[in-house]
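What follows is a set of notes on a single structure, which appears directly below.
The values are calculated or read from the model by the stated rules, or taken from the named source; none is laboratory data. Only a predicted model underlies this, so the values are computations on that prediction, with no experimental measurement involved. Cβ placement follows ideal geometry from the backbone for every residue including glycine, while neighbour counts extend to all protein chains displayed.
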Amino acid sequence: MSKRFVCPRSQVPPNGMTECEVEGGLKLLVANSGDDYFAYQAMCPHQEVALCEGLYDGSVLTCHQHLWQWDIRTGAAMGLAEAPLESFPVQLQGDSLYVVAQSALNTAELFTGIGEQTLAAIMALARKEQYAAGTSLYDIGDPADDFFILDSGRVEFLIGRERASPAGFMLRKGELFGWAALLESQPHRIARATCLEESEVLRINGKQALQALAADPASGFLVMRRLSSLIARYLASPGAN
């Protein structure tokens, strides 16, 4: 896996945090806790507030805007927070900090814990694609052949003709969208997906992925159960139609 230089270790205060921009324009929040360093998305997943402006006590990170909180060691949501932070594995070499790139499939909640051979089969189907800001990946009524997993950038996912929430769904690395491609009775899109900035996605054919899951019933059941929860969460959002 490739790695990217983040900053000198001395740039991160003891039990403190700082925002860094790495090669390719990726912005990260880098935090120290004791002898360990952690890197997360730079913006709050709630309303795009810079996390470096928040409060941090060496253990818990608090966004100052609406008091969402996270465990700095895991990125797990605490208290009022409704979403975890996207994490980036950190390597310390000498006095320099690096982040290690991970495939979005390895971080995708939908496929966590499935059989290794099944995951490898789905990885073999994935095609990495890059899109410019403002690109529409699909719109309502388009054929639902493929689903997508966000690898980098920002994608807004909107259900129906109206926004599903005041800012739509802002997807993070590893999140799946275009899930109609995994539903045999849903040949057309019921949502739209638009890149808000330059983004990379993994495109996977739905029928071929279903064949791989059918060959491993235990993994297939796990993925379908999670998919049903994902769909219910989207459709239950205020304003969805």
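Data overview
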item: Residues of the stretch 1-35 that turn out to be aromatic (Phe, Trp, Tyr) and under 19 Å from the mean Cα position of the chain (by Cα), as a count; result: 0
item: Members of the stretch 1-33 that are assigned to a loop (DSSP other than H, G, I, E, B) and modelled with pLDDT of 95 or more; result: Val12, Pro13, Pro14, Asn15, Gly16
item: Among the residues listed as Leu222, Leu196, Leu183, Leu213, the single one being among the aliphatic types (A, V, I, L, M) and modelled with pLDDT under 90; result: Leu196
item: Among residues of the stretch 90-133, those that are outside any helix (DSSP H, G or I) and either touching a residue at least 24 places away in the same chain (Cβ under 8 Å) or touching a helix residue (DSSP H, G or I) at 6+ places or on another chain (Cβ under 7 Å) (or both), counted; result: 24
item: Pick from the stretch 191-220, criterion in a loop (DSSP other than H, G, I, E, B) and of a type in the set (Asp, Glu), ranking: surrounded by the fewest Cβ atoms within 10 Å (Cβ to Cβ); result: Glu197
item: Every pair of residues 6+ apart whose Cβ atoms lie under 8 Å, when the first sits in the stretch 42-59 and is within 13 Å of Arg172 (Cβ to Cβ) and in the same structural domain as Trp70 (by TED's automatic domain parsing) while the second is outside any loop (DSSP other than H, G, I, E, B) and of a type in the set (Gly, Ala, Ser); result: Ala42/Ala50; Met43/Ala50; Cys44/Ala50
item: Test result for Val49, of a type in the set (Val, Ile, Thr), surrounded by 13 or more Cβ atoms within 10 Å (Cβ to Cβ) and farther than 15 Å from Phe88 by Cα; result: yes
item: Residues satisfying the stated conditions in the stretch 61-86, i.e. buried (at least 20 other Cβ atoms within 10 Å of the Cβ) and assigned to a strand (DSSP E or B); result: Leu61, Trp70
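For (1) under 18 Å from the mean Cα position of the chain (by Cα); (2) under 11 Å from Phe147 (Cα atoms); (3) hydrophobic (A, V, I, L, M, F, W, C), each residue gets a yes or a no:
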| residue | (1), (2), (3) |
| --- | --- |
| Trp179 | yes, yes, yes |
| Ser199 | yes, no, no |
| Pro217 | no, no, no |
| Met224 | no, no, yes |
| Ser229 | yes, no, no |
